[in-house]
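To start, the structure itself, in structure tokens.
The values are calculated or read from the model by the stated rules, or taken from the named source; none is laboratory data. On a predicted model such as this, the values are computed, not experimentally measured, just so you know. Methodologically, a virtual Cβ is constructed for each residue, glycine included, from the backbone with ideal geometry; neighbour enumeration extends over all protein chains shown.
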Amino acid sequence: MKNIYFTPGPSALYPTVHGHIQEALEKDIFSISHRSEAFKQIYRNTVVSLRSLLNIPNDFFIFFLASATEAMERIIENCAADSSFHFVNGAFSKRFYTIANELKKNPQKVEVEFGNGFNFSNLTIPDKTELIGFTQNETSSGISTPLENIYEIKRHYPEKLVAVDIVSSIPFVDVDYSKIDCTFFSVQKGFGLPAGLGVLVVNRRCLDKSLALKKKNLNIGSYHNFLSIKEQGDKFQTVETPNVLAIYLLGKICEDLIEFGIEKVRKETQLKAGMLYKFFEQHKDFEPFVKEKTFRSQTVIVVNTTVDSEIVINKLRQNGFIVGTGYKEYKNGQIRVANFPSHRIDDVDKLLDCL
């Protein structure tokens with residue numbers, strides 16, 4: 001029996017990944033130099049495919065990193081001299097804030113209880129703030145912040161840089177890049193790929209800020225800063241030896257999703273989310289953790305269980321379905337169910353039949 005992974009990351013592999021890995025073996029992708037013309041072509045193809053799939057404008061720059069967590073650190077180092085502001089409503093938004101604190105950026109935050117959305121009325125962000133950090137979709141709690149709320153913050157504070165974590169909502173989320181300054185994600189969730197690659201998308205304002213900090217002799221990172229990554233990226237290269245296979249596979253999956261149709265991906269994601277939420281709302285042993293529908297994630301469904309969640313998880317595992325536990329202190333009372341493009345409607349039907 002083959003397991004179906006509904007874990008919120010790493011998650012189920014996209015169905016075509018196996019074939020692309022086989023092709024990579026045949027093409028010796030694992031062994032090529034990252035300074036070779038072959039790699040430059042892989043880099044170029046992946047960037048072009050990402051732009052096409054996600055409608056990323058040409059005046060935004062795409063950087064390849066080790067992880068989304070690294071992206072948080074690079075953003076804070078390159079976009080804030082000594083002041084950032086963070087919207088915290090779960091473990092990963094808190095990580096963004098914590099990294100800023102560790103980097104001595106004197107961060108401030110607005111924090112709400114785990115599982116709650118933000119009240120954006122009467123919210124004031126300090127004048128000295130240089131960078132505003134959002135986690136648009138909290139993988140830990142299943143809370144999704146509407147993009148329009150983020151755009152509204154940018155409209156109120158146009159001089160401040162706005163960074164948005166879309167790790168567990170991409171490629172479902174449809175970002176208007178004209179209304180933010182940078183965004184980032186990793187590939188082991190919505191792209192259905194093995195972990196080990198982060199993608200950071202930044203505009204010219206972020207690069208200008210990085211340069212300004214450098215001119216002030218402030219830290220913007222060592223070998224991996226915005227300026228060095230941009231310099232190599234202009235040549236379709238990376239600063240260091242990268243995860244060549246991951247970049248190659250990302251480009252291939254983008255091509256697959258383009259062929260399938262991104263709007264179809266988004267409609268199916270909403271359909272599957274509707275199936276899941278309806279089931280959990282009506283079942284006596286389950287209930288959605290996020291009460292307010294406006295803030296419910298479409299890609300990470302977090303569910304309270306009336307019994308120890310380990311019983312539910314083990315029962316599902318016996319039938320070939322692997323779901324996530326609740327996050328940290330919620331481990332024994334919740335399950336988390338991913339809803340990514342790699343999860344077919346039939347897979348969701350089978351999962352719900354088992355439950």
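For beta carbons closer than 7 Å, sequence separation of 6+ or different chains, a first residue in segment 90-119 that is touching a residue at least 24 places away in the same chain (Cβ under 8 Å) and under 12 Å from MET72 (Cα atoms) and a second that is of a type in the set (D, E, K, R) and surrounded by 22 or more Cβ atoms within 10 Å (Cβ to Cβ), the qualifying pairs are PHE92/GLU138; PHE92/ASP165; SER93/GLU138; PHE96/ASP165; LEU103/GLU77. Considering (1) touching a residue at least 40 places away in the same chain (Cβ under 8 Å); (2) among the basic types (Lys, Arg); (3) surrounded by fewer than 14 Cβ atoms within 10 Å (Cβ to Cβ), the lone condition that LYS27 does not fulfil carries the number (1).
Suppose the filter is β-branched (Val, Ile, Thr) and without any contact (Cβ under 8 Å) to a residue 40 or more places away in the chain; does ILE322 pass it? Judged against the criteria, ILE322 is not a match.
Of the numbered criteria (1) crowded, with 16+ Cβ neighbours inside 10 Å; (2) of a type outside the set (Ser, Thr, Tyr); (3) within 28 Å of ARG336 (Cα to Cα), the one VAL239 fails is (3). Counting only residues that are among the small types (Gly, Ala, Ser) and under 16 Å from VAL199 (Cα atoms), segment 63-101 holds 4 of them. With a requirement of 3 or more residues that are out of contact with any strand residue (DSSP E or B) (no Cβ under 7 Å at 6 or more places or on another chain) and farther than 27 Å from LEU13 by Cβ, the helices (runs of 4 or more DSSP H) lying completely within segment 204-269 that satisfy it span 204-215, 226-233. Here TYR5 fits the description: touching a residue at least 60 places away in the same chain (Cβ under 8 Å), within 22 Å of ALA338 (Cβ to Cβ) and part of a strand (DSSP E or B). Only a single item in (1) in contact (Cβ under 8 Å) with a residue 24 or more places away in the chain; (2) surrounded by fewer than 17 Cβ atoms within 10 Å (Cβ to Cβ); (3) within 26 Å of the chain's Cα centre (by Cα) is not met by LYS350, and it is number (3). Once segment 38-70 is narrowed to residues that are charged (D, E, K, R) and more than 16 Å from ASN243 (Cα to Cα), the residue that is surrounded by the most Cβ atoms within 10 Å (Cβ to Cβ) is ARG51. Scanning segment 33-52 turns up no residue that is of a type in the set (A, V, I, L, M) and not in a helix (DSSP H, G or I).
Residue-wise test of (1) among the basic types (Lys, Arg); (2) more than 20 Å from GLN188 (Cα to Cα); (3) over 25 Å from the mean Cα position of the chain (by Cα).
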| position | (1), (2), (3) |
| --- | --- |
| PRO57 | no, yes, no |
| SER83 | no, yes, no |
| GLY90 | no, no, no |
| LEU103 | no, yes, no |
| ASP127 | no, yes, yes |
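Applying the set (1) crowded, with 20+ Cβ neighbours inside 10 Å; (2) within 21 Å of GLU130 (Cα to Cα); (3) within 20 Å of the chain's Cα centre (by Cα) to LEU249 leaves exactly one unmet item: (2). PRO8 meets all of the listed conditions (1) in contact with a Leu (Cβ under 7 Å, 6 or more places away or on another chain); (2) outside the structural domain of TYR223 (by TED's automatic domain parsing) but one, namely (1). Selection over segment 289-304 of residues that are surrounded by 21 or more Cβ atoms within 10 Å (Cβ to Cβ) and over 20 Å from the mean Cα position of the chain (by Cα) gives a count of 2. The residues listed here are LEU25, LEU50, LEU103, LEU54; of these, the one that is of a type outside the set (S, T, N, Q), touching a Cys at 6+ places or on another chain (Cβ under 6 Å) and in the same structural domain as LEU227 (by TED's automatic domain parsing) is LEU50.
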